[in-house]
Amino acid sequence: MITVNEALEQLFALVRPLGTEDVPLAQALGRVMAVDAVAKRTQPPFAASAMDGYGVRADEVAVGAKFKIIGESAAGHGFEGSVGPGQAVRIFTGAPVPEGVDFVVIQEDVDRFVDTITIDQDPGQNANIRPAGNDFSEGFTLSAPRLLAPNDIALLASMNIPTVTVARKPDIALISTGDELVMPGDTPGPDQIIVSNTFGLKALFDQAGATARILPIAKDNPASIEMAFDLAQGADLVVTIGGASVGDHDLVGAVAHQLGLQQSFYKVKMRPGKPLMAGRMGDAVMVGLPGNPVSAMVCGHVFVLPMIRAMLGFAPGSRERLSAPLAADIPANGPREHYMRGRVENGRITVFNRQDSSLLSVMSEANALIVRPPEDGPRKVGDCVDYLPI
């Protein structure tokens with residue numbers, strides 16, 4: 001068996017960044033920008049009023065000062081003249097500041113009579129003007145790689161970027177194996193269960209920026225497994241679930257080897273998730289996950305998510321760990337790195353008592369995987385432990 005870190009190193013050696021494609025800005029949310037975006041204009045492109053009020057000369061601003069209104073500047077319709085001594089322009093938020101104006105008195109601080117205003121309250125020291133380029137200037141760069149969030153989309157729009165070069169989404173083929181499995185909505189026989197891992201993993205991988213497709217369940221015979229691999233043709237990553245252990249009905253590894261699998265490793269010193277297999281099959285990477293539901297999901301978080309990030313162009317690396325103090329004592333850990341389901345609330349972390357790798361109800365309640373090093377001693381309440389947010 002190899003360690004988790006050794007497994008990650010070998011997995012990163014199997015994957016490489018994929019190609020790129022251009023997408024309209026409106027479709028770029030959640031995609032990974034692969035090329036730096038450079039602003040094509042300055043924002044704002046002109047000095048703009050930050051308030052509704054009256055534009056005047058700053059050296060004339062004083063309580064009791066009077067000004068004659070000579071025009072108006074609105075958003076999209078600026079005042080084209082120049083403002084001289086004793087003059088004012090009615091101005092609105094976002095409107096261009098006319099020549100000669102270097103102070104905007106907010107409308108609440110003046111008294112207006114027809115075309116004359118009088119400053120009747122102290123306007124303060126804030127000029128209420130946003131200078132040109134206050135946000136960014138032409139040539140400003142938004143760096144890649146970057147997972148685009150709604151705020152990034154707004155920024156790119158203001159940079160006048162209509163299309164974005166993004167990383168191609170990894171195509172992941174998901175193959176569940178086992179005579180005991182049926183799809184949700186089907187009627188299981190007396191010895192069958194509903195397949196769950198595939199749907200949880202698809203959701204996990206899609207959320208991370210991949211496109212995961214669920215293939216038909218492969219039965220426990222070589223022909224069915226071989227057909228499933230054939231349906232996975234064209235995928236960047238083939239993920240099998242179950243059938244990778246050493247039982248009489250665990251046939252995935254044998255079939256994969258017959259089809260040309262160049263195996264990198266088999267078995268990882270961790271729990272849950274020991275029977276993990278990986279290698280390359282032609283142009284695709286193959287990862288064989290354990291069949292237990294929680295084991296498969298844990299391995300998806302620990303191993304496949306970092307692989308997806310590397311395929312999207314991010315630097316290879318394990319997922320960032322956080323830390324929190326324990327809400328209760330926990331006993332010593334055994335010889336394998338243990339990923340324990342738990343929940344972080346109010347700054348403290350609780351480790352669930354039930355850690356069986358078949359309990360999806362417990363996994364659903366968890367928002368953290370507590371990482372216990374091999375042979376980690378007992379921990380007391382208040383001790384800080386590392387965890388992966390999930």
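Checking the conditions here, which among Leu369, Leu388, Leu359 is under 21 Å from Pro290 (Cβ atoms), open to solvent by less than 40 Å² (accessible area, probe 1.4 Å), at pLDDT below 95 and not charged (D, E, K, R)?
Details: Leu369 fails: at pLDDT below 95; Leu388 fails: at pLDDT below 95.
Only one candidate passes the filter, namely Leu359.
Being open to solvent by 10 Å² or more (accessible area, probe 1.4 Å), among the small types (Gly, Ala, Ser) and modelled with pLDDT of 95 or more is true for just one of Ser245, Ser264. Which residue is that? Don't jump to the end; show me each part of the working.
Details: Ser245 fails: modelled with pLDDT of 95 or more.
Only one candidate passes the filter, namely Ser264.
I'm trying to understand the selection: among the residues of the stretch 1-23, which are over 22 Å from Ser295 (Cα atoms) and part of a loop (DSSP other than H, G, I, E, B)?
Scanning the stretch 1-23 gives Val15, Arg16, Pro17, Leu18, Gly19.
Take the residues of the stretch 121-138 that are open to solvent by 80 Å² or more (accessible area, probe 1.4 Å) and touching a strand residue (DSSP E or B) at 6+ places or on another chain (Cβ under 6 Å): which is nearest to Val63 (Cα to Cα)?
In the first step, residues of the stretch 121-138 are kept if they are open to solvent by 80 Å² or more (accessible area, probe 1.4 Å); the result is 121-122, 125-126, 130, 134-135, 138.
Imposing the further condition that a residue be touching a strand residue (DSSP E or B) at 6+ places or on another chain (Cβ under 6 Å) reduces the set to 130, 135.
Details: Arg130: 23, Asp135: 32 Å.
It comes out as Arg130.
Which strands (runs of 3 or more DSSP E) sit wholly inside the stretch 78-190 and have at least 2 residues that are among the charged types (D, E, K, R) and farther than 30 Å from Gly243 by Cβ?
On the way: elements: 87-91, 103-106, 110-113, 116-119, 163-167, 171-176.
Output list reads 110-113.
Let's see how each residue does on (1) within 30 Å of Val38 (Cβ to Cβ); (2) over 17 Å from the mean Cα position of the chain (by Cα); (3) modelled with pLDDT of 95 or more:
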| position | (1), (2), (3) |
| --- | --- |
| Asp122 | no, yes, yes |
| Arg130 | yes, yes, yes |
| Ser137 | yes, yes, yes |
| Thr141 | yes, yes, yes |
| Asn151 | yes, no, yes |
| Ile161 | yes, yes, yes |
| Pro170 | yes, no, yes |
| Gly178 | no, yes, no |
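With respect to Asp230, determine if the residue is of a type outside the set (Phe, Trp, Tyr) and more than 29 Å from Leu312 (Cα to Cα). Step through it out loud before you land on a result.
Details: of a type outside the set (Phe, Trp, Tyr): yes; more than 29 Å from Leu312 (Cα to Cα): no.
So Asp230 fails the test.
Any idea which residue in the stretch 24-36 is nearest to Leu204 (Cα to Cα), counting only those that are under 18 Å from the mean Cα position of the chain (by Cα) and not in a loop (DSSP other than H, G, I, E, B)?
Among them, the one singled out is Val32.
The rows are residues; the columns are (1) over 15 Å from Arg271 (Cβ atoms); (2) in contact with a helix residue (DSSP H, G or I) (Cβ under 7 Å, 6 or more places away or on another chain).
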residue: Pro306; (1), (2): yes, yes
residue: Asn333; (1), (2): no, no
residue: Arg336; (1), (2): no, no
residue: Val344; (1), (2): yes, no
residue: Phe352; (1), (2): no, yes
residue: Ser358; (1), (2): no, yes
residue: Glu365; (1), (2): yes, no
residue: Leu388; (1), (2): no, yes
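What do you reckon, is Gly291 assigned to a loop (DSSP other than H, G, I, E, B), in contact (Cβ under 8 Å) with a residue 12 or more places away in the chain, open to solvent by 10 Å² or more (accessible area, probe 1.4 Å) and on the phi > 0 side of the Ramachandran plot? Even if it seems obvious, please write down each step before you answer.
Working: assigned to a loop (DSSP other than H, G, I, E, B): yes; in contact (Cβ under 8 Å) with a residue 12 or more places away in the chain: yes; open to solvent by 10 Å² or more (accessible area, probe 1.4 Å): yes; on the phi > 0 side of the Ramachandran plot: no.
Criteria not met by Gly291.
The values are calculated or read from the model by the stated rules, or taken from the named source; none is laboratory data. Small disclaimer: the values here were computed from a predicted structure and weren't measured. Cβ coordinates were reconstructed from backbone atoms using ideal geometry, including for glycine residues, and neighbour counts include every protein chain displayed. Side chains included, ligands, DNA and RNA excluded: accessible areas come from the protein's heavy atoms. Shrake-Rupley method; radii C 1.70, N 1.55, O 1.52, S 1.80 Å.
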